[in-house]
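Q: Quick one: the structure is below, questions incoming.
The values are calculated or read from the model by the stated rules, or taken from the named source; none is laboratory data. Please read all numbers here as calculations on a predicted model, not as lab measurements. Positions of Cβ are backbone-derived with ideal geometry, glycine not excepted, and every protein chain shown enters the neighbour counts.
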Amino acid sequence: MKRNPIFHSLLVLILFLTGCVPHKSIEDAALVDIAAFDLGEEEKIRGTILIRQFPQGEAGGVEEKHISAVGENVQEIHRNVERKSSKPLRMGKVSMIFYGDELAKKDISSYIDFLHRDPDIGRNVYLGVVAGNAEKLIKGEYSKTEPTGQYIKKLTEQNTTKYIPTQNLHEFLYAYYSDGMDPSLPFFQREGDEMKLAGYVFFDKKKMVYSIPFSEAFVLKLLSQDFKNGLQSIEYKDHQVVLENIGSKVKYKIKGDRNNPEFHINLNVKGMIGEIVPKDKKIYTKELEKAFEDYFTEHATQLIQEFQENNIDPLGLGEVIKNRRGNFDPDKWKEEYPDVPVKVNVSVRILEKGIAG
C-alpha cells in the first residue's frame, strides 16, 4: 500500500507537538473546592477558600486547607490569597460559593459579575447564602468519612433533588440578568457541629430582601419546576399524613388582555401516602386528595402574595408575559406586578397508600 507523504508528515508533527505540551499535575496547583465571602471591617470583603491538596508520596491522600484574605473586590482577594499560597489557585474545580447574609443584604452584584466573567468557573457551580458568617460554615467538619467540600456538595445536591428549586450559577445568572425575573438562592445555617438548609432567600436583583423557612421550600419547588421525589406532611383529622411526590407538573397560563393580565398556575401532583400517624382510623383517598389540594393551594397562594408584597418575581411571571405577549416594558411591569391577579389551581392524585393501607 502506498503511503501518503503529506499524511505521514502531519502525523509525525502532531506526535511531536503532543509530546511538547506541558502536563500540569494537580499536585502543582491549589484546587479551590469552596469559596466564601463575608462583609468585613471598613466595608471591605473577607474571602475564604477551601482548597484540596494531594500530598506527594501519599497514594490517594487528600488534605483540606483554608486560606483567608481581605480586599476591596474579588480580584484583590484572589491576589492576596495567592500571596499566602505556595501554589497558584485553580477555580475550575470549585463546587460551591457562599455569601454571608450581611453581604447578601448589601449588594452582591460585583461578586456575581466576577463569576460571570471567569471562564474557568463552570455554570453548574452551586451558590448559597449563609446565616451569619460564611467562613465559619466552610471551616466546619461535618463528616468523619468524607471531606467537608464533598459533604457540602452532596448535601446541596440531594436537597435540590427533593426539596428546593434547582439553582446553580447558570440559573442564577439567567434570573439575575432577566428583565422579568428575580434570582433566589438556598439559605444555609451552621448549628454547632452540624450544618443544614434553613430555607430559601430572594433577591431584588442585587440585594437579598426576603426569605422563607425550609418548611415552605417544597411548595416553592412545586411552583417552580416539574420534578419527582420529596415529601410533604400535613395535619388532617388529628393525624400526621405524609405524601410522597412521584411526579408533579406546573403550567402557567395568562388570561386577560395585555394591559390587564391574569395568571393561572395549574399544579398537578401525583403521589402516594407514605405514612399516617396514628393509624387507628380509616381515611379515604378522596378525602386525602382534597386535604392536600387545600394545603398546597393555601400555601402557594400565600407565598405568591408575599412575593408581590415585596415586589420580587422569583417565579418569573414577567418572563412568561414577555415571551408570550411581547412589547414588554420592565419598568411598567415592576409597577403593575404587585397587583396582578394570580390564581393557583391544584389537582392531587393519590395513586396508592403504600404502607398506610
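Q: Can you find, within segment 254-284, the residue that is surrounded by the fewest Cβ atoms within 10 Å (Cβ to Cβ) among those that are aliphatic (A, V, I, L, M) and assigned to a strand (DSSP E or B)?
A: If we take residues in segment 254-284 being aliphatic (A, V, I, L, M) and assigned to a strand (DSSP E or B), then VAL277 is surrounded by the fewest Cβ atoms within 10 Å (Cβ to Cβ).
Q: If you don't mind, another one. Report whether or not ILE77 is within 18 Å of PRO186 (Cα to Cα) and assigned by TED's automatic domain parsing to the domain that holds MET195.
A: Spelling it out, it is not the case that ILE77 is within 18 Å of PRO186 (Cα to Cα) and assigned by TED's automatic domain parsing to the domain that holds MET195.
Q: Let me ask another. Going through segment 130-182 one residue at a time, which ones are under 17 Å from ALA217 (Cβ atoms) and part of a helix (DSSP H, G or I)?
A: Within segment 130-182, LEU155, THR156, GLU157, GLN158, ASN159, THR160, THR161, LYS162, GLU171, PHE172, ALA175 meet the criteria.
Q: Still on this structure, I have one more. Those residues that are out of contact with any helix residue (DSSP H, G or I) (no Cβ under 6 Å at 6 or more places or on another chain), under 26 Å from THR160 (Cβ atoms) and part of a strand (DSSP E or B), I need them from segment 217-240; list them, please.
A: Residues satisfying the conditions are PHE227, LEU231, SER233, GLN240.
Q: Between LEU127, LEU115, LEU50, which is in the same structural domain as VAL201 (by TED's automatic domain parsing), in contact with a Phe, Trp or Tyr (Cβ under 8 Å, 6 or more places away or on another chain) and not hydroxyl-bearing (Ser, Thr, Tyr)?
A: That would be LEU127, the only listed residue that is in the same structural domain as VAL201 (by TED's automatic domain parsing), in contact with a Phe, Trp or Tyr (Cβ under 8 Å, 6 or more places away or on another chain) and not hydroxyl-bearing (Ser, Thr, Tyr).
Q: Being outside the structural domain of PHE172 (by TED's automatic domain parsing), within 30 Å of ASP179 (Cα to Cα) and modelled with pLDDT of 95 or more narrows it down to one residue among PHE218, PHE263, PHE214, PHE203; which is it?
A: PHE263
Residues checked against (1) on the phi > 0 side of the Ramachandran plot; (2) within 24 Å of the chain's Cα centre (by Cα); (3) surrounded by 14 or more Cβ atoms within 10 Å (Cβ to Cβ); (4) of a type in the set (Asp, Glu):
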residue: GLU309; (1), (2), (3), (4): no, yes, no, yes
residue: ILE312; (1), (2), (3), (4): no, yes, yes, no
residue: VAL320; (1), (2), (3), (4): no, yes, yes, no
residue: TYR337; (1), (2), (3), (4): no, no, yes, no
